[in-house]
Amino acid sequence: MALALFDLDDTLLDGDSATLWFDYLIKTGIAPKSMQAAEHQMMQLYYRGELAMEEYMYCTLQPLVGRRVDEVNRWMEVVLRQDIAP
């Protein structure tokens, strides 16, 4: 069986998929704009290999707490269609 692996972030995509997702949450008002600076700082740590992924996930998933799965899935479909697929 053949296996093909693809690196999306900053390779096939112009940017990082997690940041594209978080930008959507901010743009639509789901996440407060004040969180953007923290996400940016954490991504700088990521690129240096110094990010604690648990901290990133805790921070960036906060706007989704209490949301319905089908609601989040609809948002993800928009991001995939608008930002990832092109």
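Can you confirm whether residue 10 is out of contact with any Leu (no Cβ under 6 Å at 6 or more places or on another chain), charged (D, E, K, R) and surrounded by fewer than 11 Cβ atoms within 10 Å (Cβ to Cβ)?
no
Tally up the residues in segment 15-35 that are exposed (fewer than 10 other Cβ atoms within 10 Å of the Cβ) and either at negative phi or in a helix (DSSP H, G or I) (or both), please.
Going through segment 15-35 one residue at a time, the tally reaches 2.
Output yes when any residue across segment 60-73 is surrounded by 11 or more Cβ atoms within 10 Å (Cβ to Cβ), touching a residue at least 60 places away in the same chain (Cβ under 8 Å) and of a type in the set (A, V, I, L, M), and no when none is.
Within segment 60-73, not a single residue is surrounded by 11 or more Cβ atoms within 10 Å (Cβ to Cβ), touching a residue at least 60 places away in the same chain (Cβ under 8 Å) and of a type in the set (A, V, I, L, M).
Going by the structure shown, is residue 50 acidic (Asp, Glu) and not in a helix (DSSP H, G or I)?
Yes, satisfied.
Which of the following residues is over 22 Å from residue 73 (Cβ atoms), assigned to a loop (DSSP other than H, G, I, E, B) and of a type outside the set (Lys, Arg): 2, 38?
Of the residues listed, the single one that is over 22 Å from residue 73 (Cβ atoms), assigned to a loop (DSSP other than H, G, I, E, B) and of a type outside the set (Lys, Arg) is 2.
Only the coordinates and a few stated rules stand behind these numbers; no lab work does. Computed from a predicted structure; not experimentally measured. Note: ideal-geometry Cβ built from the backbone for every residue, glycine included; neighbour counts use all protein chains shown.
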